[in-house]
Amino acid sequence: MVKIKNVIRCSPAGSAGIMPEDFLISINGVEINDVLDYMFYASETSVRLEILRNDEKISFLIEKDEYDDLGLEFDTFLMDKKQSCRNKCVFCFIDQMPPDMRETLYFKDDDTRLSFLQGNYVTLTNLEQSDIDRIIKMKLNMNVSVHTTNPELRVKMMHNRFAGEKLKYIYQLAENGISLNCQIVCCPDLNDGDELRRTLTDLGGLMPNISSMAVVPVGLTKYRDGLFPLTCFTPERASGTIDIIAEFQEIFLEKYGTRTVFPSDEFFLISGRELPPVEYYEDFPQYENGVGMFRSLIDEFEKALEIAEWTGDKRHVSIATGYSAYEIIRQLAEKVMKKFPLLRCDVWRIKNEFFGETITVSGLITAQDLISQLDGKNLGENLLISQSMLMNDSPVFLDDLTIEDVEKSLNVKIKSVSNDGYELLDAIMGITY
């Protein structure tokens, strides 16, 4: 039973007479507990809602087009509390956060509903068989954090005694036609090397219902006192991991016509290898996991630059980026300046003092680091930053300082840019729409 917060005017539910403060008990006789129940059972053309109003049960029959929204709004998007993670993974980034940050940054999400609705990755360790049965019944495709298919190793890595046995759910889902995108956070001396080969072999046996796999390197901050001893990937080990993945890409490509498994961009940057061509990434199935982001950015930028025209006066802008992206962004800036000599684009490499020097991605740069390292620099008309530095597309950085705070400190107008080559070139050239 879920409390109804609001009823949209002239919606099917509103026209039927359902009111705010009513409680939704069931749809077509099925008890409603969360957003998945609601979306699944409310999609029919004919729905009977059982409502509790002032201790009285009332039944409403609503006829509508298939998948039309009933028009009910609830206190939370999930119609329930978020499910938190029961694991204590040895590589968990949240456990490596500095103290005294905002409380929401310490919440560990492991909610299967958000996997389907928003693409979050989940471990399946907090699910029971009834949850798996519901996923299969509703045909919900999932994003799963696998990390390893070795049960004993999964228990060790996730610090959860049930983590190994819950691997059976991955097999059940795949065998029942549920499409799975899988993630493997790779840690040197734990689940790399032969253990990675085992994991890719096991998951490969579930194809074609394993839609894609991403292998990403562990990220380590300076806040690891008392945590499991881990090391970062060296260029040699990163290169070796790319080679292992390439072995399986060849197998999958020959058998299924798709590479299926991809290393994240970080492996190429750490190893010093050149990024593969855009064709390598196929349909970019693991783009949000950092697989192919840089290649996509470069490809889009070069296409945009090829047709771009510059008729303006002199312009000077700067870009602030992390160590991992610096060389790529610098090369793109050089191409712009070569084509348009009146344009000056400086690229500033920001060291991550906040989380530690081993964190090199742009998305974890804080306002504090921007201010301290760019203070006194000639930044030109605009300072361009990656949109990933900001919290949920808001003007707030991870350290709770805002874009306005940075603008005042550095005396420059800041523009955030998404990972889009066309948008980046427009921002450099000062083009607005």
* Of the residues that make up the stretch 168-183, is at least one within 13 Å of F248 (Cβ to Cβ), touching a helix residue (DSSP H, G or I) at 6+ places or on another chain (Cβ under 6 Å) and open to solvent by 10 Å² or more (accessible area, probe 1.4 Å)? -> no
* Structure fact -> Among helices (runs of 4 or more DSSP H) entirely inside the stretch 364-433, those with 3 or more residues being under 25 Å from G292 (Cβ atoms), of a type outside the set (S, T, Y) and at pLDDT below 95 are none
* Any residue at all in the stretch 190-203 that is more than 23 Å from G257 (Cβ to Cβ) and exposed (fewer than 15 other Cβ atoms within 10 Å of the Cβ)? -> yes
* **Qualifying residue in the stretch 205-215 (condition: within 24 Å of G356 (Cβ to Cβ) and surrounded by fewer than 14 Cβ atoms within 10 Å (Cβ to Cβ))** => no
* Asked: What single numbered condition from (1) surrounded by fewer than 20 Cβ atoms within 10 Å (Cβ to Cβ); (2) more than 22 Å from M39 (Cβ to Cβ); (3) among the aliphatic types (A, V, I, L, M); (4) touching a residue at least 60 places away in the same chain (Cβ under 8 Å) fails to hold for I94?
  -> (4)
* To do: Run K303 past the list (1) within 21 Å of the chain's Cα centre (by Cα); (2) over 26 Å from V146 (Cα atoms) and report the number of the one that doesn't hold.
  => (1)
* Residues within the stretch 378-433 that are of a type in the set (K, R) and touching a strand residue (DSSP E or B) at 6+ places or on another chain (Cβ under 7 Å), tallied -> 2
* Can we say L124 is in a helix (DSSP H, G or I), in contact (Cβ under 8 Å) with a residue 40 or more places away in the chain, closer than 30 Å to A238 by Cα and not aromatic (F, W, Y)? -> no
* Scan the stretch 314-328 for residues that are open to solvent by 10 Å² or more (accessible area, probe 1.4 Å) and more than 24 Å from the chain's Cα centre (by Cα) and jot them down. => K314, R315, H316
* Asked: Just to be sure, is A320 at pLDDT 95 or above, closer than 12 Å to L425 by Cβ, of a type in the set (G, A, S) and not in a loop (DSSP other than H, G, I, E, B)?
  -> no
* Selection status of Q129, within 21 Å of the chain's Cα centre (by Cα) and not small (G, A, S) -> no
* Asked: Among (1) touching a residue at least 24 places away in the same chain (Cβ under 8 Å); (2) more than 21 Å from F93 (Cβ to Cβ); (3) open to solvent by 20 Å² or more (accessible area, probe 1.4 Å); (4) part of a loop (DSSP other than H, G, I, E, B), which single condition is T360 missing?
  -> (2)
* Asked: Among E254, E266, which is the only one that is free of Cβ contacts under 8 Å to residues at least 24 places away in the same chain and either crowded, with 19+ Cβ neighbours inside 10 Å or farther than 20 Å from L364 by Cα (or both)?
  -> E254
* Can you find a residue in the stretch 56-63 that is exposed (fewer than 14 other Cβ atoms within 10 Å of the Cβ), in contact (Cβ under 8 Å) with a residue 24 or more places away in the chain, among the basic types (K, R) and more than 22 Å from L114 (Cβ to Cβ)? -> yes
* Filter the stretch 127-137 down to residues that are open to solvent by 50 Å² or more (accessible area, probe 1.4 Å) and in a loop (DSSP other than H, G, I, E, B), then give me how many there are. => 1
* Filter result (of a type in the set (V, I, T) and open to solvent by 20 Å² or more (accessible area, probe 1.4 Å)) within the stretch 138-167 -> V155
* Asked: Can you pull out the residues in the stretch 138-178 that are in contact (Cβ under 8 Å) with a residue 12 or more places away in the chain, among the basic types (K, R) and assigned to a helix (DSSP H, G or I)?
  -> R154, K156
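Okay, residues lined up against (1) closer than 20 Å to D426 by Cα; (2) open to solvent by 60 Å² or more (accessible area, probe 1.4 Å); (3) assigned to a helix (DSSP H, G or I):
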| site | (1), (2), (3) |
| --- | --- |
| P276 | no, no, no |
| Y280 | no, no, yes |
| F294 | yes, no, yes |
| D299 | yes, no, yes |
| E302 | yes, yes, yes |
| K335 | yes, yes, yes |
* Go through I62, I25, I51, I58 for me and flag whichever is of a type outside the set (D, E), outside any helix (DSSP H, G or I), more than 30 Å from D400 (Cα to Cα) and in contact with a Pro (Cβ under 9 Å, 6 or more places away or on another chain). => I62
* Name the pairs: first residue in the stretch 332-353 and farther than 15 Å from S318 by Cα and polar (S, T, N, Q), second residue in a loop (DSSP other than H, G, I, E, B) and open to solvent by 20 Å² or more (accessible area, probe 1.4 Å), Cβ to Cβ under 7 Å, at least 6 apart or on different chains? -> N352/T360
* **Output for the stretch 103-121, where each listed residue is open to solvent by 60 Å² or more (accessible area, probe 1.4 Å) and either closer than 12 Å to S145 by Cβ or in a loop (DSSP other than H, G, I, E, B) (or both)** => F107
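The values are calculated or read from the model by the stated rules, or taken from the named source; none is laboratory data. This one's a predicted model, so the numbers in the text were calculated from it and none came from an experiment. Every residue, glycine among them, receives a Cβ derived from its backbone with ideal geometry; neighbour counts consider all protein chains shown. Note: accessible area is taken over every heavy atom of the protein model, side chains too, but ligands, DNA and RNA are not part of it. Shrake-Rupley method; radii C 1.70, N 1.55, O 1.52, S 1.80 Å.
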